[in-house]
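*Asks:* One structure is given below, represented as structure tokens, and several questions about it will come after.
The values are calculated or read from the model by the stated rules, or taken from the named source; none is laboratory data. The model shown is predicted, which means the values in this text are computed figures rather than measured ones. Positions of Cβ are generated from backbone atoms using ideal geometry, with glycine treated the same way; all protein chains shown enter the neighbour counts.
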Amino acid sequence: MTSFFAKAAVAAMAAVALALPIHLQAQDAQPQQEFVTLGTGGVTGVYYPVGGVICNLVGKTRRAKEHNIRCTVESTGASVFNVNAIRSGDLSMGIVQSDVQYYAFKGVEQFQQAGADPELRVLFSLQSEAFTLVARDDANIQTFEDLQGKRMNLGDPGSGNRNTLELLMKEYEWTPSVYSLATDLKPAEMAGALCDNKIDAFVYVVGHPNGSIQEAANTCSSHLVPVTGPKVDAFVAKYPFYPAAVIKGGTYKGSTRDVQTFGPRATLMTSSKLPENVAYNITKSVFTNFDEFKSLHPALADLTPQNMLEGNSAPFHPGAIRYFKEAGLQVPE
């Protein structure tokens, strides 16, 4: 008898479930799991920890059952590498300098052979980045022009860092032959080479404070060099995605005064192939936890929700636009 009633109860529950609307039956179903990989830069730069902040917030909102996206961070060769990896499908997203974003979308400069990539999309902008020239005190480098005849690190081939330096060198009509030595060191190697007296100077296009520059400042006698003058002014006028920038005095030992320079914005790029709901939830995860986002790295401290929509040359992803409109933010044309 007990068995009969148990079976009857199960049958009744099944009948009720079948009678419910489909959307109510699926109410407790977990959304399909999505995996995204975010390409950053060297581990001593700002891209890597900022990428970690973004993925941590995506993880926070996933644990709150807002979505089922798993975000992982990958250290890479930075901007140019990230664009190419997004294009090939090896990365879902990447942090990319605004100048590299422009070249890739238009198919110019180092992307001329590959051609324009109309599928590139932006989620939002990040920190301002400064073209930062670091020199040994005993190298007698007080201006960019003083680099002639010095031992200079050009940077990691394929990086946005090196690309910016080479563009400025074109403005000066320089080739690597103007230096007594030109090296291709990665960001993690630059401070050590400077303090071991293997190079006289290096350039790092990066947000501040930065661990590699901090290492150079604390380990050996070095300073930041202003990058200004008529040729720099002409360069910035030619490339408006390189606005003027200031590195605040006191950020590093040996540089007590504000340092005038220029620099692009870092941006979070992806492809039109990223599903709209994924782009929406990643964007929402950052903006709805904005105070926490800003507090997790000093380079993010001056950001506002609205200025994170500025400085882009490629279209926004529809998923990002969807969130911006919900939040009442003004989306630039």
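*Asks:* Applying the selection to the stretch 59-74, what residues are outside any helix (DSSP H, G or I) and either closer than 23 Å to THR40 by Cα or of a type outside the set (D, E, K, R) (or both)?
*Replies:* If the condition is that a residue be outside any helix (DSSP H, G or I) and either closer than 23 Å to THR40 by Cα or of a type outside the set (D, E, K, R) (or both), then ALA64, HIS67, ASN68, ILE69, ARG70, CYS71, THR72, VAL73, GLU74 are the ones that fit.
*Asks:* Please verify whether PHE324 is over 30 Å from GLU173 (Cβ atoms) and among the aromatic types (Phe, Trp, Tyr), treating the condition exactly as stated.
*Replies:* yes
*Asks:* Select from the stretch 75-122 the residues that are in a helix (DSSP H, G or I) and of a type in the set (Asp, Glu) and write down the one among them that is surrounded by the most Cβ atoms within 10 Å (Cβ to Cβ).
*Replies:* Checking each candidate, the answer is ASP99.
*Asks:* Across the stretch 242-271, what is the total count of residues that are closer than 30 Å to ASN68 by Cβ and loosely packed, with under 14 Cβ neighbours inside 10 Å?
*Replies:* 0
*Asks:* Same structure again: Do any strands (runs of 3 or more DSSP E) entirely within the stretch 175-230 hold 3 or more residues that are β-branched (Val, Ile, Thr), and if so, which?
*Replies:* Those strands (runs of 3 or more DSSP E) span 201-206.
*Asks:* Among the candidates SER92, SER98, SER79, SER128, single out the residue that is modelled with pLDDT under 95 and closer than 17 Å to HIS317 by Cβ.
*Replies:* Within the list SER92, SER98, SER79, SER128, the selection yields SER98.
*Asks:* Restricting attention to the stretch 23-47, and to residues there that are surrounded by 22 or more Cβ atoms within 10 Å (Cβ to Cβ) and not β-branched (Val, Ile, Thr), which single residue is modelled with the lowest pLDDT?
*Replies:* Ranking the qualifying residues of the stretch 23-47, first place goes to GLY45.
*Asks:* Scanning for something assigned to a helix (DSSP H, G or I) and within 19 Å of LEU57 (Cα to Cα), does the stretch 254-268 turn up at least one residue?
*Replies:* No: the stretch 254-268 contains no residue that is assigned to a helix (DSSP H, G or I) and within 19 Å of LEU57 (Cα to Cα).
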